Amino acid sequence: MSESGLKPMLRLLLVDDHTVVREGLKRLICPLADKWSITEAGTGYQALELLRHQPFDLAIVDLSLPGMSGLDLIRRIKGEYPSVAVLVLTMHSEEQYAIRALQAGANGYVTKDTAATDLVAAVRKVASGGVFLSAQLAERMVLQLNGQRHVPDIQVLSNRELDILQRIVNGQRPVEIANALNLSIKTVSTHKRHVQEKLRLDSTAALVRFGLEHRLGREILGPPSEDAGEA
């Protein structure tokens, strides 16, 4: 569909838990975007509540969210509001994240270091029914899927295990993870053990080192929790 075929008022839902990131994105988008309405949400739960009461054309979703993960949010949006397009905007440039996001139902994937003009192009492409990936990311994904590029160890983890690993890297205690994901502490500990077994790591400290090496930490991290190593 051409740009002239887009709705006069494109309704965007921007989902990111950092206010400074949301404000920065709005400053990037607004000067280049004509007649776009932008609504903000800091969590997946807030986003779903907004979707229940307002119509949106496109949700721009970060993968690293408190409580409900970005991947879970994408699945919920596509399952409950299939007409809403989803564009992932994240710090993670690795292809394994893009593959998971697309499998969850995302229509596009861009990183937060993307130029403003490219971000606007991605929004317009996805909102008009297309799919958007950078040329570099698309090439790496094809090479990995064809077996011509090394598949990282992280690919062996389920989405739930990856989510829990990210939360451990970010310093969350098991009880905090359990509360955020509505799981028992025992279930969280079981997932953590499975992650360690799959990655062949023998301690929480090793998990954290692995996560930092694979850029699993959040964009803005506070000081690590003293109890982060508790099981």
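The values are calculated or read from the model by the stated rules, or taken from the named source; none is laboratory data. All values derive from a computational prediction rather than experimental measurement. Here the Cβ positions follow ideal geometry from the backbone for every residue, glycine too, while neighbour counts run over all protein chains shown. The accessibility values were calculated without ligands, DNA or RNA, using every heavy atom of the protein model including side chains. Shrake-Rupley method; radii C 1.70, N 1.55, O 1.52, S 1.80 Å.
Numerical summary
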{"quantity": "Every residue from region 7-18 that is at pLDDT below 90 and either of a type in the set (Ser, Thr, Tyr) or surrounded by fewer than 18 Cβ atoms within 10 Å (Cβ to Cβ) (or both)", "calculated": "LYS7, PRO8, MET9, HIS18"}
{"quantity": "Extreme residue, modelled with the highest pLDDT, among residues of region 207-217 that are outside any helix (DSSP H, G or I) and open to solvent by less than 40 Å² (accessible area, probe 1.4 Å)", "calculated": "LEU216"}
{"quantity": "Enumeration of residues in region 165-198 that are without any contact (Cβ under 8 Å) to a residue 40 or more places away in the chain and over 21 Å from the mean Cα position of the chain (by Cα)", "calculated": "VAL175, SER184, ILE185, LYS186, THR187, THR190, ARG193, HIS194, GLN196, GLU197"}
{"quantity": "Pairs, first more than 15 Å from LEU102 (Cα to Cα) in region 137-148, second at pLDDT below 75 and open to solvent by 60 Å² or more (accessible area, probe 1.4 Å), C-beta under 8 Å, six or more apart", "calculated": "LEU143/ARG149"}
{"quantity": "Condition met for GLN96 (surrounded by fewer than 16 Cβ atoms within 10 Å (Cβ to Cβ) and more than 18 Å from LEU25 (Cβ to Cβ))", "calculated": "no"}
{"quantity": "Test for ARG167: is it of a type outside the set (Phe, Trp, Tyr), in a helix (DSSP H, G or I) and open to solvent by 40 Å² or more (accessible area, probe 1.4 Å)", "calculated": "no"}
{"quantity": "Answer residue from region 182-192, given it is on the phi < 0 side of the Ramachandran plot and not β-branched (Val, Ile, Thr) and is most open to solvent (accessible area, probe 1.4 Å) among those", "calculated": "LYS186"}
{"quantity": "From SER37, SER69, residue being open to solvent by less than 80 Å² (accessible area, probe 1.4 Å) and either at pLDDT 95 or above or within 18 Å of the chain's Cα centre (by Cα) (or both)", "calculated": "SER69"}
{"quantity": "Options ALA85, ALA116, ALA101; residue that is in contact (Cβ under 8 Å) with a residue 24 or more places away in the chain, surrounded by fewer than 23 Cβ atoms within 10 Å (Cβ to Cβ) and touching a helix residue (DSSP H, G or I) at 6+ places or on another chain (Cβ under 9 Å)", "calculated": "ALA116"}
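Here's the yes/no breakdown for (1) modelled with pLDDT of 90 or more; (2) exposed (fewer than 14 other Cβ atoms within 10 Å of the Cβ); (3) under 19 Å from ILE99 (Cα atoms):
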{"position": "HIS150", "(1), (2), (3)": "no, yes, yes"}
{"position": "ALA180", "(1), (2), (3)": "no, no, no"}
{"position": "HIS194", "(1), (2), (3)": "yes, no, no"}
{"position": "ALA205", "(1), (2), (3)": "yes, yes, no"}
{"position": "GLU219", "(1), (2), (3)": "no, no, no"}
{"position": "ALA231", "(1), (2), (3)": "no, yes, no"}
